[in-house]
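Asker: Starting off with a structure, shown below.
We did not get these values from a lab; they are worked out from the coordinates using the rules stated. Remember, predicted model here, so these are calculated numbers, not experimental data. Backbone-built Cβ (ideal geometry, glycine too); neighbour counts: all protein chains shown.
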Amino acid sequence: MCSVVTKNGAETVQLGARLGRLLAPGDFIALVGELGAGKTQFAKGIAAGLEVDPGTPVTSPTYTILNIYQGRLPLYHFDLYRLHGSEEVAELGFEEYFSGTGACVVEWAERLGEEMPAQLLIVSLAHEEAEERKVSFAAVGPRAAELLEALFPA
């Protein structure tokens, strides 16, 4: 596990962009944190790192559940806030995206329950002082460990 404190939204976006530059098809990023913790800002950074057109607004898909952005590879941006359990996720058939040709970023990923992929990078965001956010990373599986090592080389 590794943690970083970002001083403002711009730094949270920059950290996400660093991760986005490292992503490959099939990578799964689980974003966890309370409302306003910076999950969408981090996702905007990932989109920038994946070279999504800067003119494309990257917003939380709270009502649509999934936004797809085209960059150097597709970004599947999920927001599961409105879902109430893994049964709803299973009914919607999102698992096909989880190991597809793009990278997945899932806000409120804890709502996946048993639908959570076996390999993923968990990014937890928490409020610190004022605009500061504590961003913690936990790798589950070898690919996530590679991402974490590349993001924070020893």
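Asker: Taking K and R as +1 and D and E as -1, what net charge do the other residues with C-beta under 11 Å from the C-beta of GLN70 add up to?
Answerer: Numbers: positive: ARG72; negative: GLU51, ASP53.
Net charge in that neighbourhood comes out at -1.
Asker: Which of the peptides 53-61, 132-140 is most tightly packed, and how do the rest follow, judged by the mean count of other Cβ atoms within 10 Å per residue?
Answerer: 132-140, 53-61
Asker: Based on alpha-carbon centroids, what's the gap between region 20-39 and region 123-154 in Å, whole number please?
Answerer: Between the Cα centre of region 20-39 and that of region 123-154, the gap is 9 Å.
Asker: If you take every DSSP beta bridge whose two residues both sit in the chain, what share of them, in percent to the nearest 5, is antiparallel? Show your work: numbers first, answer last.
Answerer: Numbers: 17 of 30 bridges.
Antiparallel bridges make up about 55 percent of those DSSP assigns within the chain.
Asker: Under 19 Å Cα to Cα from LYS134, which aspartates and glutamates show up? Leave out anything in the same chain fewer than 8 places away.
Answerer: Filter leaves GLU11, GLU34, GLU107, GLU110, GLU149.
Asker: Hey, another quick one. Determine the shape class of region 1-82: with a ≥ b ≥ c the square roots of the Cα gyration tensor eigenvalues, call it rounded for a/c under 1.5, and otherwise prolate if a/b is greater than b/c, oblate otherwise. Walk me through the numbers on the way to the answer.
Answerer: Numbers: a/c = 1.41, a/b = 1.09, b/c = 1.29.
Verdict is rounded for region 1-82.
Asker: Let me ask something additional. List the aspartates and glutamates whose Cα sits under 17 Å from the Cα of LYS7, skipping any in the same chain fewer than 8 residues away.
Answerer: Counting by Cα, and skipping residues close in sequence, LYS7 has these aspartates and glutamates nearby: GLU128, GLU129, GLU131, GLU132.
Asker: In what sequence do GLU114, GLU128, GLU107, GLU11 fall when counting other Cβ within 10 Å, fewest first? Write down the numbers at each step before the final one.
Answerer: Details: GLU114 9, GLU128 13, GLU107 24, GLU11 19.
Ascending number of Cβ neighbours within 10 Å: GLU114, GLU128, GLU11, GLU107.
Asker: Could you tell me which of rounded, prolate or oblate describes the chain, using a ≥ b ≥ c as the square roots of the eigenvalues of the alpha-carbon gyration tensor, with rounded for a/c under 1.5 and, failing that, prolate when a/b is larger than b/c and oblate otherwise?
Answerer: Values: a/c = 1.28, a/b = 1.23, b/c = 1.04.
Rounded shape, in that the Cα axes give a/c under 1.5.
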